[in-house]
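Student: Questions regarding the structure given below will be posed in turn.
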Amino acid sequence: MIDSRASKLVGAVLAAALLLAGYPGRSLADPAADAAAMQEQMRQMQQRLDELNRQLQALKQQQQQQTTAAPAAPAVAQAKPAAPAEPKFDKFLKGFYGTLDVSLDVTTKGMDDMVAYHIENGGLGPGLDYNNPKGTPVGKVGWEPSLSTNKSTIGYRGDYQIAESDFTFVYQLEASLAITASPGLKTSYTQQSNTTTGAIGSGDTFIGLQNKGWGRLRFGTFYSPYKKSTDRLNPFSGMLGDYAVVMGNTGGDNRVEFGTRLEHSIEYDSPKFANMVSFNLLISPGQNRTYDNVIQSSGSPDCSGGNMPGSGNLLLQCDDGGFGDAYSVDLEFEHAGFYATVAYEFHKDVNRNSDGIGSNSTTYAALLNSAGVTPDGGCNDPTGVLDCGTYQALVAEFPGWASVAGGTPPYLNDIGNEAAFKVGAQYTFGFGLAVSGIWEHMTRSLPSNLEFQNERQRDGTWLALSQDLGSSDNISVGWAHAGKTPGDPGGQHNYNPLAEANTADMFTAAWKHHFDKRVYWYADWAVTVNHGNAHYDIGAGGRGLTTDCHDGTNTVIADGSSAGPTTWGGCRPQGFSTGINYRF
């Protein structure tokens, strides 16, 4: 501003000088008058020049003082241009993810040559009456081709930074997909469900809060920490040889009790401490108003143990595995090529009263005799093991139910806590070999008078080797062993009270060829060798089709007798599968 004013003063001085130089002369006729006038004008101009000069000096002095008082401003670094913001639509598209997996399977139930016999002495045993056969498996139980959709999902996940805070709101919506069959209720000829494929929420679905310093808290329906802790130790996930055939599978059938999604759950996921250690904790309130968990949890379409009430032609209640509260926790350690985990899960008051209906156990037969059970509704059990009230109501509702359908009383208090504990580890060598192993122990707490039918308590073992072959191929082999159980409900059609201990071994091998980071082709083989009355399948754990130990028996009457597809112990399911998997 001062420089501007000084410039104006200098300009005024120059203008005055020009004015003086160009002043017109007077007539030479009066030189004395001209000289006097010129002197007066010179004097006035000099005064003006002196005044302008004083103002100019004052401005210069003021400018020098301001320059001395104010230090020179530091040079301002030129800021880098800000990166262009990501287009909102592109950011939206990045939230989608999914897995598409379809396979062609050829499998057999491995029971063609089996024959079932009645138990001698009217079911009291001790052995089989080989002169009184029941029959052979019904339907096509040999090799059969099929197409299966395996663990296919589509979902959307995202987050939102909460203003003026360190918290992020996170969310995920996921749906399971049916590619090789029409979407609808998730039912099969051996089990029925009220849940649907393709519906939002049929996969891991939740909302929550996240903070980099303290971790994540989420609410919804998702796989438990127990299940997820050893996922990476299972190179056969979604294949016929999925380790869920044995691991986490207490009953040796299609359901995996300790490998399922838990509804209405609250989970805390810790950050990774020292970049090595983390833990996860889940609580799922039972939300059940009954003392024995015989109805669905509030807001749930299925029983908490899986399937809808009445599935398998049982009573219209959740007495085939319904439970109350559930808790799940795991601790994980990872450093370099080594990973280890310890996990535990607990299901409270698991109701399995339906295990009594149609049982072939000799101990159960003795209970029927002592209670005076007759086809016309006679039943009086002073021990309180049998549910005579329900039995008599069924006989009254369905005359001839016991004699024609073979219905027998359910248990009255076959309700106990079930828990699972496992330790798993994996080491990956620099040359591409991953060695994985798990030891698992599952328990069911029952009174001593019901231990004879406890098939839910045993040990389990898993061992897998997975070797990378170059940058595109991988070959894996696996073995799972189910240890012996303290008892057996005796629901198998060919139940043998003198059979060896119920154990099973599952063997599997797979080859994967990766076309790129998203698409791979695979081929898999698996066989489960059941011993004694065991009935483990192949393919349990989330794939679309399993091959189990049920034959093709069919019933058109829903009478709660459990009549329907018949279970055959000691079967040997086997299969080959090839498919393609795409992830985005």
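Derivation of every value follows stated rules applied to the coordinates shown; laboratory data play no part. Since we're looking at a predicted model, the values are computed, not measured. Every residue, glycine among them, receives a Cβ derived from its backbone with ideal geometry; neighbour counts consider all protein chains shown.
Student: Which order, highest average first, do 373-385, 558-570 follow once you tally other Cβ atoms within 10 Å for each residue and take the mean per peptide?
Tutor: 558-570, 373-385
Student: Continuing with the same structure: Can you pull the one-decimal nm distance between simple spin-label points at Phe169 and Val102, each 7 Å off the Cα toward Cβ?
Tutor: For the pair Phe169/Val102, the computed spacing is 3.8 nm.
Student: Could you pull out every one of the aspartates and glutamates with an alpha carbon less than 13 Å from that of Lys140, ignoring same-chain neighbours closer than 8 positions?
Tutor: Within the straight-line limit of under 13 Å, Lys140 reaches these aspartates and glutamates: Asp112, Asp113, Asp548, Asp551.
Student: Between Ile283 and Ala366, how high is the FRET efficiency from 1/(1 + (r/R0)^6) when r is the Cβ-Cβ distance and R₀ = 56 Å? Nearest 0.05.
Tutor: 0.85
Student: Taking a 21 Å limit on the Cα-Cα distance, which of the listed pairs Lys422/Lys484; Lys228/Lys272; Lys134/Lys484; Lys228/Lys422 fall beyond it?
Tutor: Lys134/Lys484
Student: Take the alpha carbon gyration tensor of the range 370-528, find the square roots of its eigenvalues, order them as a ≥ b ≥ c, and report rounded if a/c is under 1.5; if not, report prolate when a/b exceeds b/c, else oblate.
Tutor: Judged from the Cα gyration tensor, the range 370-528 comes out prolate (a/c at least 1.5, a/b above b/c).
Student: Any chance you could run the full-extension gain for Asp113 through Gln46? It's 0.36 nm times the residue separation minus the Cα-Cα distance, nm to one decimal.
Tutor: 10.6 nm
Student: Something else now. Specify which labelled value, from [x] 1.44; [y] 0.97; [z] 1.25, agrees with Rg/Rh (Cα atoms, Kirkwood Rh) derived from the coordinates of the model shown.
Tutor: Only one option fits the structure, namely [x].
Student: Between Asn132 and Asp459, what is the spin-label point distance in nm, taking each point 7 Å from the Cα along the Cα→C-beta axis?
Tutor: In this crude spin-label approximation the distance works out to 3.9 nm.
Student: Okay, moving on. Please give the net charge around Gly389, taking every other residue with its beta carbon less than 13 angstrom from that of Gly389, where Lys and Arg add +1 and Asp and Glu add -1.
Tutor: My count for the surroundings of Gly389 gives -3.
Student: Another question, if that's okay. Between Asn211 and Ile266, take the C-beta separation as r, use R0 = 22 Å, and let me know the FRET efficiency to the nearest 0.05.
Tutor: 0.85
Student: Moving to a separate point now. What is the order of Tyr522, Tyr291, fewest Cβ neighbours within 10 Å to most?
Tutor: Going from sparsest to densest Cβ surroundings: Tyr291, Tyr522.
Student: For labels at Trp511 and Leu124 in the simple 7 Å Cα→Cβ model, what's the distance in nm?
Tutor: 5.9
Student: How high is the relative contact order of the chain, in percent, counting Cα pairs under 8 Å that sit 6 or more residues apart?
Tutor: 15
Student: Setting aside same-chain residues fewer than 8 positions from Lys94, which aspartates and glutamates have a Cα under 19 Å from its Cα?
Tutor: Glu86, Asp159, Glu174, Asp204
Student: For each of Ile357, Ile415, count neighbouring Cβ atoms within 10 Å of the residue's Cβ, then give the residues from fewest to most.
Tutor: Ascending number of Cβ neighbours within 10 Å: Ile415, Ile357.
Student: Tally Lys and Arg at +1 and Asp and Glu at -1 over the other residues with C-beta under 9 Å from the C-beta of Asn454: what net charge comes out?
Tutor: -1
Student: On to the next question. Go ahead and collect, in residue order, the members of the range 272-292 whose backbone nitrogen is under 14 Å from a label point 7 Å along the Cα-Cβ direction of Phe333.
Tutor: Label zone hits: 273-279.
Student: May I pose another question? Using a Förster radius of 35 Å, what is the FRET efficiency between Tyr582 and Ser445 based on their Cβ-Cβ separation? Nearest 0.05, please.
Tutor: Working from the Cβ atoms, E equals 0.20.
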